[in-house]
Structures are given as C-alpha cells and as structure tokens.
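Undergrad: I am attaching a structure below and will ask some questions about it afterwards.
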Amino acid sequence: MFGDLITSLTDWLDDVSQHWWFLLIIVAIALLDSVIPVVPSETCVIIGGVAAANGHQLLPLVIACAAVGAFLGDNLACQIGRWASGWFERLGTRRPSYAARLDWASKQIHERGGLLLITARFVPGGRTVLTLSSGITRQPLAWFVSWIAAAAVIWATYASVLGYIGGATFEDNHTAAFVLAFGGALGITVIIEVVRHILHRRRATESGDDDRADARGQAG
C-alpha cells in the first residue's frame, strides 16, 4: 500500500512538473524529507530536472529550489535535535548503553568532520539521523550550517542534472530514476569515504614521521 502511495505521488509530481509552482513543491518536499525520510525528495528533484530538459522549468531554478529546501530541512532537523537534547541526555544518565551511543555519534562527527554531513545527504534516512545527532550533541552551529550548505548544493545539483541528462528515459520510469539516483548516491558515499580514509592515513603517517624526527632530535 505504501508503495502504491509513493507511485501515485510521483505520477502526480510528473503531471504538475510543467507548472511554475512545481518549484515550490520541490522546496517543500526537499525540506520535509530531511525530517520525514519517507518523502521521495530525490525523485521529485529528478522530475524537476526532466521538466527542465523538456523546457518547462529552468535548470538553475530547479537546483536552487532543491538546495534551499534541503538546507532548510537539515537545519530544522538539527534544531529539533537541539530542542530534544536535554531529554536524550537525561535518558543517557539512566541508560549507560544509550549514553555510549551518543558519545560514539559525537566522536564520529568530530572525527569525520563536514565530509560526513555531505556523505549523509546522499543516504535517504541517513541525513535525518546525522542532522538530528548534530543537534542532540550540540555541534557548533556555524560549522554545521556551512557544511550543510555545501552538502545541499552538491546534492541538488547531482539530482537535478541526473534528471536533465536522463530526460525522456526517466520521464516514464520513475523507478529507474530512483534506482540510479540511489546507486549514484552510494557511489559518491564510497568515494568520499575512501578519500577520507586516505587523508586520515596520510595525516597519521606524517604525524608519526614528525614524532620519530623529534625523538631522534632529542636523542642527538
């Protein structure tokens, strides 16, 4: 039943994608998907890209609306997390295992930095978990906003251009559009994680070399 509902929604989005107010729908769905991950924001943005390819929308506007919606939604999720942080902290005092998970989430955000926010934006549901966690663990707001802005623009550009290039291929096959978007998102996630791992190892190697050089200097 849920699948039928999503199919009906995407069919309706396709039907109304030629209207100017479809851009407002992109903003709304991208925003809602950051808080309620069952909303098909990728599919909506891809449909916007297809509409741009058919001359019904302007691609830069599709990208801008998707980015604005994603940015506002991610910040809303973060603020919800901040608002509920006291409750989560009290829960952690009663349940050590839960406190350990909160501590793990905070360490992961600190260790992986902003790249983790970009990675999570391409994972449906994952972005909601991470933005909420950023709020719950009270990450610096300026840091969060700057990385979320970059993540929103990258995500919006990717999904919009994917629809624009796919054109007629995705117009009558929303499932293929979603599968390709999700597969591409996973690919981007893997690339980002590989780059992060390489940079982490390089920094660790350089730090080890510096320590050995200092030790030789002290011994001399």
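Undergrad: Hey, what do the phi angles of segment 115-131 turn into as Karplus ³J(HN,Hα) couplings, whole Hz, using 6.51/-1.76/1.60 and θ = phi - 60°, x for Gly and Pro?
TA: For segment 115-131, the Karplus curve yields 4, 5, 5, 5, 4, 5, 4, 8, 10, x, x, x, 5, 5, 4, 6, 5 Hz.
Undergrad: Would you list TRP155, TRP87, TRP143 from fewest to most Cβ contacts within 10 Å?
TA: Ranked by crowding around the Cβ, least crowded first: TRP87, TRP143, TRP155.
Undergrad: Hey, rough spin-label estimate for VAL190 and THR205, points 7 angstrom out along Cα→Cβ, what's it come to in nanometres?
TA: Calculated label separation equals 2.3 nm.
Undergrad: At 7 Å along the Cα-to-beta-carbon direction for both LEU61 and LEU115, put a label point, then send me their distance in nm to one decimal.
TA: 3.8 nm
Undergrad: Can you run phi through the Karplus equation (6.51, -1.76, 1.60; θ = phi - 60°) for segment 17-26 and list ³J(HN,Hα) in whole Hz, with x for Gly and Pro?
TA: After applying 6.51 cos²θ - 1.76 cosθ + 1.60, I find 5, 7, 7, 5, 6, 4, 4, 5, 5, 4 Hz.
Undergrad: What are the residues whose amide H is under 5 Å from the amide H of GLN57, where those residues sit 5 or more places off or on another chain and H is modelled from the backbone?
TA: Under 5 Å from the amide H of GLN57 lie the amide H atoms of ALA52, each far enough along the sequence or on another chain.
Undergrad: With r defined as the distance between the Cβ atoms of LYS107 and ILE36 and R0 fixed at 22 Å, what FRET efficiency is calculated, to the nearest 0.05?
TA: My answer for the efficiency is 0.20.
Undergrad: To continue, here is another question. Among HIS197, HIS56, rank each residue by its count of other Cβ atoms within 10 Å, from fewest to most, as a rough exposure measure.
TA: So the residues, fewest neighbours to most, are HIS197, HIS56.
Undergrad: Kindly state, to the nearest 0.05, the FRET efficiency for GLN79 paired with SER146, given R0 = 22 Å and r defined as their beta-carbon distance.
TA: 0.85
Read the figures in this text as sums done on the coordinates, not as results from a lab. No experiment lies behind these values; they were computed from the predicted model shown. FYI the Cβ positions are ideal-geometry reconstructions off the backbone, even for glycines, and counts take in every protein chain you see.
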